[in-house]
Amino acid sequence: MEELLHYTWKYKLYPPYGLVTEKGQQLEIIDPGLHNSDAGPDFFNAKIKIDGILWVGNVEIHNSTSDWYKHHHDKEHSYDSVILHVVSRIDGKTLSSEGREIPQLQLDCPKHIIDNFHELINSSKYPSCFKIIPFLDKMMIHSWLNSLYVERLNQKSKAISERVIRKDNNWEEALFVTIARNFGFGLNGDAFELWANRIPLKVIQKQNDSLQQIEALFFGQAGLLEEEQGDRYYTELRREYNFLRAKYSLTPIDAAKWRFLRLRPNNFPYIRLSQLAVLYHNVQSMLSRIIDADDTKKIYSIFSCGASEYWNNHFSFGKETTSVPKSISKSSISLIIINSIVPILYSYGKHRGDETLCERAITLLESTKPEYNYITRIWEECGIKAENAADSQAIIQLKKEYCDKKKCLYCRIGYFYLKTHH
């Protein structure tokens, strides 16, 4: 398997002495080079000695010699700098586009690595590397988690940057969509994003002095004010929305997009929409407020609001319940911080070239309590406990981008598992 051969070469798991080329020349590998994940040769700037002569250049790795020709490297000038072709099976010569014969090394992946790899890939248990976790160095785990949460943060930052572009470089509108998506808390995330893209921010700003008008806008655009009859509150919202709809040429989303099944009542879209309306009624220039909030308590205070008074004794229109204020819980605010505020701060900091904002985003993540879900629980049972939100984000990244995709060869835990003789 070519990936395993890459792994063997990258981590120097070949014999340190006694290597020879296909023509019997003595081969010494001084530096395997830098792994290239883009187009071009697999490893750059390798250093090798062939019969005592130093060569500096690139290395290409394939299962067999013939793969060189299948991939048309013999016609590509970018591969003329290859000084060594590493293969599992030699079935011919390797020639550059200039006709130069490139030395070949037949390299076998160690048996225990192959066995360990198949054990990881074929395991039905999660995580498949659970046996080795208790024996791992704590500093290595800490370092790997740091890399993972920065990797996750960069992924989220990229998604936000793309959202900003779609919003004609309007960061305030991109922030609104990002926060709104988070108010879906997973199940209704897509519906909230679709809805937020139908809400012109300028309309919110123009109606900002009236909570009722903002609620009318929010519920109307959510497709939840289409019935002609309801209680007084509903009727007033509908009347306000019909006015706004005509004035601003608004188009609501299909109410069928909203999901209620298996949702706790406090998570019903009605409650979350009202909470968002109150939030944007209370806070103007949300991005500036977030940037100016230089500690976690100030961020929490921005989002420490509830739904409007009507929703104290309602979970949906017209159905009264016991009166309980529908405030946003601390755990919900933590999720908003993790999934909206931190990525926005980090992305905006990168956009502005402001390292202070990027560092503040990471500090905010590290000072927020960790998520507690089935992913973090399983890893805690294995011996890796999330101490803060940065750790829990790292663990989620580990599962989604490495475990689920079986990318054990690119995981530091997988590295230790593969090279260990069990």
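The values are calculated or read from the model by the stated rules, or taken from the named source; none is laboratory data. Nothing here was measured: the structure is a model prediction, and the numbers come from that model. Virtual Cβ from ideal backbone geometry, glycine too; neighbours counted across all protein chains shown. Side chains are part of the model used for accessible areas, which takes the heavy atoms of the whole protein and leaves out ligands, DNA and RNA. Shrake-Rupley method; radii C 1.70, N 1.55, O 1.52, S 1.80 Å.
Across the protein chains, with a 1.4 Å probe defining accessible surface, the residues TYR233, TYR280, TYR410 rank TYR410, TYR233, TYR280 from largest area downward. Take GLU359: with every protein chain present and a 1.4 Å probe, its accessible area is about 110 Å². Of all DSSP bridge pairs formed entirely within the chain, close to 65 percent run antiparallel. Distances between placed amide hydrogens fall under 5 Å for LEU19 paired with LEU27, all partners being 5 or more residues away or on another chain.
In this structure the range 229-337 gives 55 Å² per residue of accessible area when probed at 1.4 Å with all protein chains present. Working note: 222 nm ellipticity from helices only, DSSP H runs with n ≥ 4, each -39,500 (n - 2.57), summed and divided by the residues of the chain, gives -14000 deg cm²/dmol to the nearest 500. Taking 14 Å as the straight-line reach from the Cα of LYS406, the aspartates and glutamates in range (excluding those fewer than 8 positions away in the same chain) are GLU3, GLU119. The distance linking the range 99-127 with the range 183-237 is 55 Å (Cα centroid to Cα centroid, whole angstrom).
Our coupling estimate for the range 261-271, obtained by passing each phi through the Karplus curve with A = 6.51, B = -1.76, C = 1.60 and θ = phi - 60°, is 4, 6, 9, 5, x, 5, 9, 4, x, 4, 5 Hz, Gly and Pro reported as x.
Of interest is the spacing of the C-alpha centroids, which for the range 250-300 and the range 338-369 amounts to 20 Å.
Here the range 1-67 and the range 388-419 have alpha carbon centers that stand 27 Å from each other. If you sort PHE243, PHE44 by accessible surface, 1.4 Å probe, largest first, the order is PHE243, PHE44. The lysines within cross-link reach of LYS369, meaning a Cα-to-Cα straight distance under 16 Å and a gap of 8 or more places when in the same chain, are LYS297, LYS298, LYS330, LYS385.
Here the accessible area of the chain is 50 percent carbon and sulfur, with a 1.4 angstrom probe and all protein chains present. Put a plus charge on the Cβ of each Lys and Arg, a minus charge on the Cβ of each Asp and Glu, and nothing anywhere else: the dipole of the range 320-413 about its Cα centre is then about 280 debye.
Across the range 1-156, the relative contact order, built from alpha-carbon pairs under 8 Å that are at least six residues apart, equals 18 percent. For the range 325-388, the list of chymotrypsin sites (Phe, Trp or Tyr not before Pro) that fall in a loop by DSSP and count at most 15 other C-beta atoms within 10 angstrom reads TYR372. Across the range 101-107, computed HN-Hα scalar couplings (Karplus, 6.51 cos²θ - 1.76 cosθ + 1.60, θ = phi - 60°) run 7, 9, x, 10, 10, 8, 10 Hz from first to last residue, x flagging Gly and Pro. Computed from label points 7 Å out along Cα-Cβ, the spacing between ASN63 and GLN284 is 6.6 nm. Normalised by the number of residues in the chain, the average gap of Cα pairs under 8 Å and 6 or more apart makes the relative contact order 14 percent. With every protein chain in place and a 1.4 angstrom probe, the accessible-area ranking of MET139, MET1, MET286, largest first, reads MET139, MET1, MET286. Excluding the site residues themselves, the longest part of the chain lacking any trypsin sites (Lys or Arg not before Pro) in a DSSP loop with at most 11 other Cβ atoms within 10 Å is 126-261. Hey, with R₀ at 25 Å, roughly what FRET efficiency would ALA256 and LYS330 work out to, going by the Cβ-Cβ distance, to 0.05? Once the sixth-power term is evaluated, E becomes 0.20.
Measuring nothing but how far apart in sequence close Cα pairs (under 8 Å, 6+ apart) lie, relative to its length, the range 128-250 scores a relative contact order of 13 percent.
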